[in-house]
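As structure tokens, the structure follows; a few thoughts come after it.
The values are calculated or read from the model by the stated rules, or taken from the named source; none is laboratory data. Source: prediction; values computed, not measured. Every residue, glycine among them, receives a Cβ derived from its backbone with ideal geometry; neighbour counts consider all protein chains shown. The area values use the complete protein model at the heavy-atom level, side chains included, leaving out ligands, DNA and RNA. Shrake-Rupley method; radii C 1.70, N 1.55, O 1.52, S 1.80 Å.
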Amino acid sequence: MSQTSLKGPLLVLAGSLCFSTSGFLQAIAPGEATPYIVAGCRMLIGAVALFLFSLLAGKKLNLHNWPVKTLFVYSLALWAYQITFFNSLLFVGVAVGTVVSIGVTPIASGIMSTILEKKAPPRAWYPATLLAVIGLILMNSVEGAPLDPFGLALSVFAGICYAVELTIAKPLTEHHTAEESMMVVMFLVGLGLLPFFFFYPVSWVLTAKGLAVTTGLGVITAACAFSLLVKGLKTTPPAIASTLTLAEPMGAALLGIFALGEACSTKTAIGIALIMASILVLVVLQGKQRSESNHP
């Protein structure tokens, strides 16, 4: 198996694990923090972090040949995800909202890829997605959880938005680096979230804990996570990438258990094991299939 065949999926996996720290960072945020302000700060700080990274690395920013349509749709999908996902949690709770939105993503991405690319997802996608969705349900199963139809619809829509991001991301890196693309996207999404700053408390951001949390969210869960994800999507089929992103709730669960002292039930342990198995299936089988295609 070549290193090239593994690079894309491993970058997507690394990006997903960066995303998984967002729950931990929000859990230690000041009590006045709200999802809207957290999301807005995350996007804007992430954009600034990528701009500074480019300057320090001596990279000249390419201001030409932007895929305007893709840039707009990707930014709109990311903005809509922030709104619908966090609002869905108010109706159905964190566990159910996460299961539905993240669980819908690989299925929706597989369907979109089939329609847009006129071909079925790679063979590895089917068993890996089945294992991952079962694992996700077990890991987040909550007895007596509320099942509000409107909240569930918001969760489903959030999952579809995430699938759109994964499916259309590739053109963003045809003439620009992943860092450049995500810097612009996050700046646009951050601007779109600024109106919420007039309706929710923002003073907590300027406290020591608030600055630490928002900086961590911006640098780790935005700048690093999105850049790794988009870079990995250059060589990873969207359907495969969408299942690899299920490593995000797995990583969040592990952080909750080991860093926050949350309880780990048998179902949780089995769920984590199944998601790990799905990742191995994807990385190994996808790498094997690529190696075979390169050596007829």
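Give, as a single signed number, the net charge of other residues whose beta carbon lies under 15 Å from the beta carbon of Gly192, with Lys and Arg counted +1 and Asp and Glu -1. Combined, the nearby Lys, Arg, Asp and Glu give 0. Taking the centroid of alpha carbons for each part, region 1-79 and region 190-247 are 5 Å apart.
Peptides 174-187, 116-129, ordered by how many other C-beta atoms sit within 10 Å of their residues on average, highest first, read 174-187, 116-129.
Excluding Thr21 itself, calculate the net charge of residues whose Cβ lies under 12 Å from the Cβ of Thr21, where each Lys or Arg counts +1 and each Asp or Glu counts -1. Don't jump to the answer; show the numbers that get you there.
Working: positive: Arg42; negative: Glu248.
So the environment of Thr21 carries a net charge of 0.
Beta carbons within 10 angstrom, averaged per residue: use that to sort the peptides 197-207, 73-83, 33-43, highest first. If you can, show how the numbers build up before the last one.
Working: 197-207: 13.5, 73-83: 20.4, 33-43: 22.9.
Output ranking for 197-207, 73-83, 33-43: 33-43, 73-83, 197-207.
Quantify, in whole percent, the carbon and sulfur part of the accessible surface of region 5-74 (1.4 Å probe; protein heavy atoms only).
Values: 2500 of 3480 Å².
For region 5-74, the apolar C and S fraction of the accessible surface comes to 72 percent.
Looking at the square roots a ≥ b ≥ c of the eigenvalues of the Cα gyration tensor of region 179-262, which shape do they give, rounded for a/c under 1.5, prolate if a/b is larger than b/c, or oblate? Taking the square roots of the gyration eigenvalues as a ≥ b ≥ c, region 179-262 is oblate.
Binning all Cα-Cα separations of region 95-238 at 10 Å, short to long from zero, yields these whole-percent fractions: 10, 28, 36, 22, 4, 0.
Taking 37 °C and 0.692 mPa s as the conditions, I'd like the Stokes-Einstein D for region 1-80 in µm²/s, using the Kirkwood hydrodynamic radius from alpha carbon pairs.
Details: Rh = 15.9 Å.
Answer from the Stokes-Einstein relation: 207 µm²/s.
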